[in-house]
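Everything on this sheet refers to the single structure shown next.
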Amino acid sequence: MQVIKSVAEIREIVKEKQKNGKMVGFVPTMGALHKGHLSLVSSSKKDNDITVVSIFVNPTQFNDKEDLKNYPRMLDNDIQLLAPLNVDFIFAPTEEEMYPEPDERDFDFGNLDKVMEGAHRPGHFRGVAQIVSKLFAAIPANRAYFGDKDFQQVAVIKAMVKQLDIPIKIIPCPIVREEDGLALSSRNLRLNSTQRANAPLIYSTLKMSREFAQNNTIEDTRKWVCSTIDANSELKTEYFEIVDENTLCPVKSWEEQGNKVGCIAVQVGEIRLIDNIRFNL
Ligand code: AMP
(Lines give C-alpha, C1' and ligand atoms only; values in the text may rest on other atoms or scores of the structure.)
Protein backbone atom coordinates (compact mmCIF):
# COMPACT_ATOMS: atom_id res chain seq x y z
CA MET A 1 0.00 0.00 0.00
CA GLN A 2 1.49 3.29 -1.13
CA VAL A 3 0.61 6.72 0.24
CA ILE A 4 0.65 9.33 -2.54
CA LYS A 5 0.48 13.06 -1.92
CA SER A 6 0.76 14.46 -5.45
CA VAL A 7 -2.10 14.85 -7.94
CA ALA A 8 0.24 14.35 -10.92
CA GLU A 9 1.65 11.15 -9.43
CA ILE A 10 -1.67 9.45 -8.57
CA ARG A 11 -3.08 10.41 -11.96
CA GLU A 12 -0.10 8.87 -13.73
CA ILE A 13 -0.41 5.67 -11.67
CA VAL A 14 -4.14 5.29 -12.34
CA LYS A 15 -3.76 5.89 -16.09
CA GLU A 16 -0.88 3.44 -16.28
CA LYS A 17 -2.91 0.73 -14.51
CA GLN A 18 -5.84 1.31 -16.86
CA LYS A 19 -3.54 1.15 -19.89
CA ASN A 20 -2.60 -2.30 -18.65
CA GLY A 21 -6.27 -3.33 -18.61
CA LYS A 22 -6.88 -2.90 -14.87
CA MET A 23 -10.20 -1.64 -13.51
CA VAL A 24 -9.75 1.05 -10.86
CA GLY A 25 -12.17 1.68 -7.99
CA PHE A 26 -12.05 4.91 -5.98
CA VAL A 27 -13.35 5.62 -2.46
CA PRO A 28 -13.28 9.32 -1.50
CA THR A 29 -13.26 10.00 2.26
CA MET A 30 -12.39 12.68 4.78
CA GLY A 31 -10.63 10.14 7.00
CA ALA A 32 -11.34 9.22 10.65
CA LEU A 33 -12.27 5.95 9.03
CA HIS A 34 -14.86 3.56 10.45
CA LYS A 35 -16.62 0.42 9.28
CA GLY A 36 -18.90 2.49 7.00
CA HIS A 37 -15.89 3.67 5.00
CA LEU A 38 -14.36 0.20 5.11
CA SER A 39 -17.53 -1.32 3.60
CA LEU A 40 -17.08 1.01 0.59
CA VAL A 41 -13.49 -0.19 0.33
CA SER A 42 -14.63 -3.84 0.41
CA SER A 43 -17.13 -3.17 -2.39
CA SER A 44 -14.42 -1.54 -4.47
CA LYS A 45 -12.01 -4.42 -3.80
CA LYS A 46 -14.67 -6.89 -4.96
CA ASP A 47 -15.46 -5.04 -8.21
CA ASN A 48 -12.03 -3.79 -9.30
CA ASP A 49 -8.37 -4.80 -9.73
CA ILE A 50 -7.01 -1.68 -8.04
CA THR A 51 -8.53 0.37 -5.19
CA VAL A 52 -7.59 3.95 -4.37
CA VAL A 53 -8.83 5.60 -1.15
CA SER A 54 -8.51 9.35 -0.76
CA ILE A 55 -8.25 11.01 2.64
CA PHE A 56 -8.74 14.75 2.56
CA VAL A 57 -10.74 17.03 4.86
CA ASN A 58 -12.14 19.40 2.27
CA PRO A 59 -12.40 22.93 3.68
CA THR A 60 -14.73 24.26 0.95
CA GLN A 61 -17.63 21.99 1.94
CA PHE A 62 -17.73 23.14 5.57
CA ASN A 63 -20.15 26.01 6.11
CA ASP A 64 -19.32 25.96 9.83
CA LYS A 65 -15.70 26.93 10.70
CA GLU A 66 -15.88 25.24 14.12
CA ASP A 67 -17.00 21.96 12.51
CA LEU A 68 -13.98 22.13 10.16
CA LYS A 69 -11.63 22.92 13.04
CA ASN A 70 -12.98 20.07 15.17
CA TYR A 71 -13.25 17.49 12.39
CA PRO A 72 -11.16 14.48 13.51
CA ARG A 73 -7.86 14.01 11.66
CA MET A 74 -5.96 10.75 12.24
CA LEU A 75 -4.08 9.79 9.09
CA ASP A 76 -1.70 7.29 10.73
CA ASN A 77 -4.58 5.44 12.31
CA ASP A 78 -6.47 5.48 8.99
CA ILE A 79 -3.47 4.00 7.20
CA GLN A 80 -3.36 1.19 9.75
CA LEU A 81 -7.04 0.44 9.21
CA LEU A 82 -6.66 0.29 5.43
CA ALA A 83 -3.50 -1.85 5.33
CA PRO A 84 -5.18 -5.19 6.19
CA LEU A 85 -7.79 -4.58 3.46
CA ASN A 86 -5.02 -4.57 0.86
CA VAL A 87 -5.87 -1.15 -0.47
CA ASP A 88 -3.45 -0.37 -3.28
CA PHE A 89 -3.09 3.39 -2.96
CA ILE A 90 -4.01 6.06 -0.43
CA PHE A 91 -4.20 9.56 -1.85
CA ALA A 92 -3.65 12.02 1.00
CA PRO A 93 -2.96 15.45 -0.49
CA THR A 94 -2.39 18.73 1.34
CA GLU A 95 -4.79 21.63 0.99
CA GLU A 96 -2.27 23.43 -1.26
CA GLU A 97 -2.08 20.40 -3.53
CA MET A 98 -5.87 20.30 -4.04
CA TYR A 99 -6.37 24.07 -4.11
CA PRO A 100 -3.22 25.68 -5.54
CA GLU A 101 -5.55 28.62 -6.15
CA PRO A 102 -9.05 29.27 -4.80
CA ASP A 103 -11.77 27.33 -6.61
CA GLU A 104 -14.30 29.88 -7.87
CA ARG A 105 -16.54 27.42 -9.68
CA ASP A 106 -20.27 27.40 -9.09
CA PHE A 107 -22.60 24.52 -9.88
CA ASP A 108 -26.32 24.21 -10.37
CA PHE A 109 -27.99 20.87 -9.89
CA GLY A 110 -31.55 22.20 -9.91
CA ASN A 111 -33.57 21.07 -6.93
CA LEU A 112 -30.99 18.49 -5.85
CA ASP A 113 -28.56 20.88 -4.17
CA LYS A 114 -31.18 23.36 -2.91
CA VAL A 115 -33.27 21.27 -0.49
CA MET A 116 -32.46 19.66 2.89
CA GLU A 117 -28.64 19.74 3.39
CA GLY A 118 -28.42 22.35 0.62
CA ALA A 119 -30.89 24.62 2.39
CA HIS A 120 -29.39 24.14 5.86
CA ARG A 121 -25.70 24.15 4.92
CA PRO A 122 -25.23 26.99 2.42
CA GLY A 123 -22.34 26.29 0.05
CA HIS A 124 -21.95 22.69 1.21
CA PHE A 125 -22.72 21.01 -2.11
CA ARG A 126 -20.74 23.62 -4.03
CA GLY A 127 -17.74 22.52 -1.97
CA VAL A 128 -18.57 18.84 -2.43
CA ALA A 129 -18.83 19.27 -6.22
CA GLN A 130 -15.58 21.25 -6.26
CA ILE A 131 -13.56 18.63 -4.43
CA VAL A 132 -15.14 15.54 -5.97
CA SER A 133 -14.66 16.92 -9.50
CA LYS A 134 -11.01 17.67 -8.66
CA LEU A 135 -10.56 14.21 -7.14
CA PHE A 136 -12.17 12.59 -10.20
CA ALA A 137 -9.68 14.49 -12.39
CA ALA A 138 -6.78 13.29 -10.21
CA ILE A 139 -8.13 9.74 -10.01
CA PRO A 140 -9.95 9.00 -13.29
CA ALA A 141 -11.24 5.70 -11.90
CA ASN A 142 -13.73 3.34 -13.55
CA ARG A 143 -16.00 3.28 -10.51
CA ALA A 144 -16.41 5.47 -7.42
CA TYR A 145 -18.11 4.37 -4.19
CA PHE A 146 -20.33 6.55 -2.02
CA GLY A 147 -22.41 5.76 1.08
CA ASP A 148 -26.20 6.04 1.10
CA LYS A 149 -25.82 7.63 4.52
CA ASP A 150 -25.19 10.86 2.59
CA PHE A 151 -28.19 10.16 0.40
CA GLN A 152 -28.45 13.65 -1.07
CA GLN A 153 -24.72 13.71 -1.77
CA VAL A 154 -25.08 10.61 -3.95
CA ALA A 155 -27.85 12.33 -5.95
CA VAL A 156 -25.70 15.46 -6.38
CA ILE A 157 -22.61 13.48 -7.44
CA LYS A 158 -24.63 11.47 -9.97
CA ALA A 159 -25.96 14.75 -11.41
CA MET A 160 -22.44 16.20 -11.44
CA VAL A 161 -20.85 13.36 -13.44
CA LYS A 162 -23.71 13.60 -15.92
CA GLN A 163 -23.40 17.37 -16.24
CA LEU A 164 -19.59 17.34 -16.57
CA ASP A 165 -19.53 14.19 -18.71
CA ILE A 166 -17.20 12.36 -16.34
CA PRO A 167 -16.99 8.68 -17.35
CA ILE A 168 -16.92 7.29 -13.78
CA LYS A 169 -19.69 4.95 -12.64
CA ILE A 170 -21.13 6.01 -9.27
CA ILE A 171 -21.85 3.05 -6.98
CA PRO A 172 -24.07 3.77 -3.93
CA CYS A 173 -23.45 1.51 -0.92
CA PRO A 174 -25.74 0.67 2.05
CA ILE A 175 -25.55 2.48 5.40
CA VAL A 176 -23.48 0.71 8.06
CA ARG A 177 -24.83 1.07 11.60
CA GLU A 178 -23.76 0.42 15.18
CA GLU A 179 -25.55 -2.46 16.90
CA ASP A 180 -27.95 0.05 18.48
CA GLY A 181 -28.84 1.43 15.03
CA LEU A 182 -26.86 4.68 15.07
CA ALA A 183 -25.42 5.27 11.60
CA LEU A 184 -21.63 5.22 11.76
CA SER A 185 -20.16 8.69 11.30
CA SER A 186 -16.77 10.24 11.98
CA ARG A 187 -18.69 12.88 13.96
CA ASN A 188 -19.93 10.21 16.43
CA LEU A 189 -16.44 10.40 17.98
CA ARG A 190 -17.33 13.86 19.26
CA LEU A 191 -20.51 12.81 21.11
CA ASN A 192 -20.22 12.74 24.89
CA SER A 193 -21.53 9.64 26.70
CA THR A 194 -25.01 11.08 27.34
CA GLN A 195 -25.34 12.24 23.75
CA ARG A 196 -24.08 8.90 22.47
CA ALA A 197 -26.64 7.07 24.65
CA ASN A 198 -29.51 9.15 23.23
CA ALA A 199 -28.45 9.33 19.58
CA PRO A 200 -29.87 5.87 18.64
CA LEU A 201 -33.35 7.40 19.05
CA ILE A 202 -32.83 8.92 15.60
CA TYR A 203 -32.82 5.60 13.77
CA SER A 204 -35.30 3.85 16.07
CA THR A 205 -37.76 6.69 15.35
CA LEU A 206 -37.12 6.44 11.61
CA LYS A 207 -37.83 2.70 11.76
CA MET A 208 -41.02 3.23 13.79
CA SER A 209 -42.15 5.90 11.36
CA ARG A 210 -42.58 3.24 8.70
CA GLU A 211 -45.21 1.59 10.94
CA PHE A 212 -46.78 4.95 11.77
CA ALA A 213 -46.96 5.76 8.06
CA GLN A 214 -49.25 2.77 7.40
CA ASN A 215 -52.21 4.66 8.91
CA ASN A 216 -51.15 8.30 8.67
CA THR A 217 -50.52 10.98 6.07
CA ILE A 218 -47.06 12.12 5.02
CA GLU A 219 -47.46 15.40 6.89
CA ASP A 220 -48.57 13.63 10.09
CA THR A 221 -45.70 11.17 9.79
CA ARG A 222 -43.28 14.05 9.31
CA LYS A 223 -44.60 15.84 12.38
CA TRP A 224 -44.61 12.64 14.44
CA VAL A 225 -40.92 11.97 13.70
CA CYS A 226 -39.91 15.54 14.62
CA SER A 227 -41.93 15.59 17.85
CA THR A 228 -40.78 12.10 18.93
CA ILE A 229 -37.13 13.05 18.50
CA ASP A 230 -37.52 16.53 19.98
CA ALA A 231 -39.16 15.03 23.09
CA ASN A 232 -35.62 13.91 23.97
CA SER A 233 -33.85 16.90 25.50
CA GLU A 234 -30.46 15.90 24.00
CA LEU A 235 -31.78 15.99 20.42
CA LYS A 236 -33.20 18.69 18.16
CA THR A 237 -34.49 17.92 14.69
CA GLU A 238 -33.28 20.35 12.04
CA TYR A 239 -35.43 18.84 9.30
CA PHE A 240 -37.17 15.62 8.42
CA GLU A 241 -38.40 15.40 4.84
CA ILE A 242 -39.98 12.55 2.92
CA VAL A 243 -38.76 12.99 -0.65
CA ASP A 244 -38.79 11.28 -4.00
CA GLU A 245 -35.69 9.11 -4.38
CA ASN A 246 -34.73 10.68 -7.73
CA THR A 247 -35.91 14.30 -7.67
CA LEU A 248 -35.55 14.87 -3.89
CA CYS A 249 -38.80 16.85 -4.12
CA PRO A 250 -41.01 16.53 -1.04
CA VAL A 251 -43.73 13.91 -1.54
CA LYS A 252 -47.24 15.09 -0.67
CA SER A 253 -49.09 11.80 -0.53
CA TRP A 254 -48.19 8.13 -0.12
CA GLU A 255 -50.12 7.44 -3.34
CA GLU A 256 -47.59 9.33 -5.46
CA GLN A 257 -45.49 7.21 -7.82
CA GLY A 258 -41.83 6.52 -7.12
CA ASN A 259 -39.69 5.40 -4.21
CA LYS A 260 -39.72 7.59 -1.14
CA VAL A 261 -36.91 8.31 1.31
CA GLY A 262 -37.15 9.99 4.71
CA CYS A 263 -34.09 12.19 5.28
CA ILE A 264 -33.25 13.68 8.64
CA ALA A 265 -30.72 16.02 10.23
CA VAL A 266 -30.54 16.21 14.02
CA GLN A 267 -28.50 18.50 16.21
CA VAL A 268 -27.04 16.63 19.19
CA GLY A 269 -25.47 19.38 21.27
CA GLU A 270 -22.80 20.85 18.97
CA ILE A 271 -22.80 17.82 16.70
CA ARG A 272 -24.99 17.54 13.65
CA LEU A 273 -25.96 14.02 12.54
CA ILE A 274 -27.80 12.90 9.40
CA ASP A 275 -29.57 9.66 8.54
CA ASN A 276 -32.26 8.36 6.21
CA ILE A 277 -34.68 5.51 5.66
CA ARG A 278 -36.58 4.12 2.68
CA PHE A 279 -40.37 4.04 2.69
CA ASN A 280 -41.43 1.26 0.38
CA LEU A 281 -45.05 1.10 1.42
P1 AMP B 1 -16.90 11.10 4.85
O2 AMP B 1 -15.53 10.69 5.24
O3 AMP B 1 -17.82 11.34 5.99
O4 AMP B 1 -16.91 12.20 3.81
O5 AMP B 1 -17.51 9.85 4.10
C6 AMP B 1 -16.85 9.24 3.02
C7 AMP B 1 -17.80 8.27 2.37
O8 AMP B 1 -18.18 7.28 3.32
C9 AMP B 1 -19.10 8.94 1.88
O10 AMP B 1 -19.46 8.38 0.64
C11 AMP B 1 -20.08 8.56 2.96
O12 AMP B 1 -21.41 8.51 2.51
C13 AMP B 1 -19.59 7.17 3.35
N14 AMP B 1 -20.07 6.81 4.68
C15 AMP B 1 -19.97 7.54 5.82
N16 AMP B 1 -20.61 6.93 6.84
C17 AMP B 1 -21.14 5.79 6.33
C18 AMP B 1 -21.91 4.73 6.89
N19 AMP B 1 -22.29 4.72 8.15
N20 AMP B 1 -22.28 3.72 6.06
C21 AMP B 1 -21.92 3.73 4.76
N22 AMP B 1 -21.18 4.69 4.19
C23 AMP B 1 -20.80 5.71 4.95
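The values are calculated or read from the model by the stated rules, or taken from the named source; none is laboratory data. In this text, all values refer to a predicted model and were calculated from it rather than measured experimentally. Every residue, glycine as well, gets a Cβ built from its backbone with ideal geometry; the counts of neighbours run over all protein chains shown. Quick note on the areas: whole protein, heavy atoms, side chains included, nothing else; ligands and nucleic acids left out. Shrake-Rupley method; radii C 1.70, N 1.55, O 1.52, S 1.80 Å.
Worth pointing out:
- In percent, rounded to a whole number, the relative contact order of the chain is 18, using alpha-carbon pairs under 8 Å and six or more apart.
- Normalised by 2.2 N^0.38 Å, with N the number of residues, the alpha-carbon radius of gyration of region 228-281 equals 1.27.
- Considering only Cα atoms, the convex hull volume of the chain works out to 131 Å³ per residue.
- Counting only alpha carbon atoms, the long axis of helix 124-138 and the longest principal axis of the chain meet at about 30°.
- Helix axis angle, 7-19 relative to the chain longest principal axis, alpha carbon, degrees: 80
- Distance violations [Cα-Cα > 31 Å] among Lys65/Lys207; Lys46/Lys69; Lys15/Lys69; Lys15/Lys162; Lys45/Lys223: Lys65/Lys207; Lys46/Lys69; Lys15/Lys69; Lys45/Lys223
- Net charge contributed by nearby residues that have their C-beta within less than 11 Å of Ala119 (K/R +1, D/E -1): -2
- Accessible surface of region 194-267, 1.4 Å probe, proportion on carbon and sulfur as whole %: 47
- Inter-part distance, region 186-263 to region 38-78, computed on C-alpha centroids, equals 26 Å.
- Using Cβ point charges alone (K and R +1, D and E -1), the dipole size of the chain about the Cα centre works out to roughly 560 debye.
- Region 155-239: C-alpha gyration tensor shape, a/c 1.5 cut-off, then a/b vs b/c: oblate
- Spherically averaged projected area of region 137-281 from its Cα convex hull (nm²): 9.9
- Computed [θ] at 222 nm, deg cm²/dmol, the chain (DSSP H ≥ 4; -39,500 (n - 2.57); rounded to nearest 500): -11000 deg cm²/dmol
- Electrostatic bookkeeping for Ile166 treats Lys and Arg as +1 and Asp and Glu as -1; over the other residues with beta carbon under 13 Å from its beta carbon, the sum is +4.
- Share, in percent, of DSSP beta bridges within the chain that are antiparallel, nearest 5: 50
- log10 of Debye I(q)/I(0), alpha-carbon scatterers only, for region 1-127 at 0.10, 0.16, 0.21 Å⁻¹: -0.38, -0.93, -1.27
- Each of Leu248, Leu40, Pro102 was scored by the projection of its Cα onto the charge dipole of the chain, and the greatest displacement toward the positive side belongs to Leu40; charges sit on the C-beta of Lys, Arg, Asp and Glu.
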